[in-house]
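The values are calculated or read from the model by the stated rules, or taken from the named source; none is laboratory data. These numbers were taken from a predicted model, which means no experiment stands behind them. Reconstructed Cβ throughout: ideal geometry from the backbone, glycine too, with neighbour counts over all protein chains shown.
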Amino acid sequence: MVDLSPNTLELIEDINRLGVSCEEVETLERCETITNLIIDEVFTMFNDPKLVEDLKWLQMEHRTPNMHRWRNIVELTESMFSEVGGAERVKGYHMLEQPCKDVTDEELELIEDKETSDTIHKIKHIHEATLKRMSYLVEKCYYK
């Protein structure tokens, strides 16, 4: 028979004291994880100063593991921007988004060059896959 270590016994007491159930572990972890996504501009939008203080505390608690993720973000960003030809190209693309959204389906059918028509169609609908894109990027940064 194996006796529980003092650390495990203390852990059990802490779980019971906090009333943490198995069913809420995922939600609690999501609360922690979302703090890693909050940038300074978002903090000004919270109404509760105590919540902001607590969120910043959680961010600091995750600083060490986040350093690796931040390096991954830097590497991924530099790689992607290099792959497409630099920031000026990305900025130029950004300027195409709204005009592409304004093209009607009827106009799209009238464009004779299929490559151009396909490009406009793809840009016009690009934000329909935002969650999938964000998941891809987060996966690339959190796991390497």
Hey, Met95 surrounded by 12 or more Cβ atoms within 10 Å (Cβ to Cβ), without any contact (Cβ under 8 Å) to a residue 24 or more places away in the chain and not in a loop (DSSP other than H, G, I, E, B) or not: no
Filter result for Met45 (at pLDDT 90 or above, exposed (fewer than 11 other Cβ atoms within 10 Å of the Cβ) and of a type in the set (A, V, I, L, M, F, W, C)): yes
Condition broken by Glu83, with the remaining ones in (1) under 24 Å from Met134 (Cα atoms); (2) surrounded by 12 or more Cβ atoms within 10 Å (Cβ to Cβ); (3) of a type in the set (Asp, Glu) satisfied: (2)
Selected residue [without any contact (Cβ under 8 Å) to a residue 12 or more places away in the chain, not in a helix (DSSP H, G or I) and not polar (S, T, N, Q)] from Glu112, Glu139: Glu112
Output for the range 111-133, where each listed residue is exposed (fewer than 14 other Cβ atoms within 10 Å of the Cβ) and among the basic types (Lys, Arg): Lys114, Lys122, Lys132, Arg133
